[in-house]
Amino acid sequence: MRFDGNGGPNVNYEPNSFGRPVENPAFKEEAYDSELHDLAARYDHREGNDDYTQAGNLFRLIAPDHQERLIGNIVDSMQTVPRDIQVRQIRHFYRADSAYGEGVAQGFGVGLNEITDADGVGLAPSSVSG
C-alpha cells in the first residue's frame with residue numbers, strides 16, 4: 001500500500017496532453033541480435049493502421065435516434081474535458097464519419113473551421129455519411 005499520494009491527480013500514461021510523464025529512451029530494449037533481428041524488435045502498432053473505418057461503419061449501422069443518443073452521451077461526458085482535447089477528439093469522430101464529428105462539434109458549439117488541424121491537415125474522413 002502506498003502512503004505518498006501515488007502521484008495524486010496527475011496523469012500516469014504516455015502519450016498525454018500535459019507533458020508528463022514521457023518515455024525515457026535510455027530504457028528502450030534493443031532488438032535481438034539473431035536471425036529474428038528485425039522481427040523481435042518493438043512493433044509500432046500505429047503504422048499502417050486504419051483507426052476510422054470500423055468506427056464509422058458502426059456509427060452508420062446504428063439507427064438515427066441511437067446516433068443522437070450516442071452523440072449526446074459523448075457531449076455530456078466530455079463537458080469537463082479541456083477544450084483542446086475536445087477539439088482533437090471531434091477530429092477523430094469526424095474522420096470516422098462526418099455526421100458523427102459534426103454532431104459532437106455542434107454539441108460543444110465548435111465550428112468545423114476550429115477542428116481543422118493547426119498545421120493545415122484537413123479532416124479527411126475515411127468515408128462519407130449516408
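The values are calculated or read from the model by the stated rules, or taken from the named source; none is laboratory data. Every value quoted in this text rests on a predicted model; they were computed, and no experiment measured them. Cβ: placed from backbone, ideal geometry, glycine included. Neighbour counts: every protein chain shown.
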Of all residues in region 57-99 being acidic (Asp, Glu) and not in a loop (DSSP other than H, G, I, E, B), the one that is modelled with the lowest pLDDT: 84
Out of all the residues in region 113-125, is one or more at pLDDT below 95, in a helix (DSSP H, G or I) and exposed (fewer than 11 other Cβ atoms within 10 Å of the Cβ)? yes
Whichever residue in region 59-82 is without any contact (Cβ under 8 Å) to a residue 12 or more places away in the chain and either closer than 18 Å to residue 17 by Cβ or small (Gly, Ala, Ser) (or both) and, among such residues, is surrounded by the fewest Cβ atoms within 10 Å (Cβ to Cβ): 80
